[in-house]
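As structure tokens, the structure follows; a few thoughts come after it.
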Amino acid sequence: MAEQPQERLARINELAHKAKTVGLTDAETAERQALREAYLADFRAGFREQIETTSFVNKQGKEWTPKKVIEIQKKRGLRQD
């Protein structure tokens, strides 16, 4: 069962505190690195999702969403134009 993001972040913070106070074993260092990589992968995926589902509109009401984002939105069925 995969860890929840909150649990993963709590464990990263726990290991960071331990690293500053008493140090980490080799196994804990490897665990911390794996947790960091998983956290960053989740963050990047969430950020990509947010960018790919955003439309930009100027003050005059004209859309100026980048063409690359529009094409991604069309492929995902988020746009019909």
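Please treat every number below as a calculation from the coordinates, not as lab data. Values in this document were obtained by computation on a predicted structure and should not be read as measured data. FYI the Cβ positions are ideal-geometry reconstructions off the backbone, even for glycines, and counts take in every protein chain you see.
Tell me what the chain gives for mean residue ellipticity at 222 nm when only DSSP H runs of n ≥ 4 count, each as -39,500 (n - 2.57), the sum divided by the residue total, rounded to 500 deg cm²/dmol.
Rounded to the nearest 500, it is -22000 deg cm²/dmol.
Taking θ = phi - 60°, what integer Hz values does the Karplus form 6.51 cos²θ - 1.76 cosθ + 1.60 yield along region 30-37, in sequence order, with x for Gly and Pro?
5, 4, 4, 5, 5, 5, 4, 5
Pull up all non-local amide H partners of Thr65: gap of 5 or more, or a different chain, and H-to-H distance under 5 Å with H placed in the peptide plane.
Phe56
Under 22 Å between alpha carbons, and skipping anything fewer than 8 positions from Lys67 in its own chain: which lysines qualify?
In chain and number order, the partners are Lys59, Lys75.
Identify all aspartates and glutamates with a Cα-Cα distance to Lys20 below 12 Å; exclude those on the same chain that are fewer than 8 residues away in sequence.
Here the aspartates and glutamates satisfying the reach criterion relative to Lys20 do not exist.
In debye to the nearest 20, how big a dipole does the chain give about its Cα centre with +1 on each Lys and Arg Cβ and -1 on each Asp and Glu Cβ?
For this selection, approximately 560 debye.
Among Ala41, Leu15, Thr53, flag the residue with its Cα farthest along the positive direction of the charge dipole of the chain, charges on Cβ as +1 for Lys/Arg and -1 for Asp/Glu.
Thr53
Show me, bin by bin at 5 Å from 0, the whole-percent P(r) of the chain based on Cα pairs.
The calculated distribution, bin by bin, is 3, 12, 17, 14, 10, 8, 9, 9, 8, 6, 3, 1.
Sum up the charges of everything whose Cβ sits under 15 Å from the Cβ of Thr54, counting Lys and Arg as +1 and Asp and Glu as -1, but leave Thr54 out.
Local charge sum for Thr54: +2.
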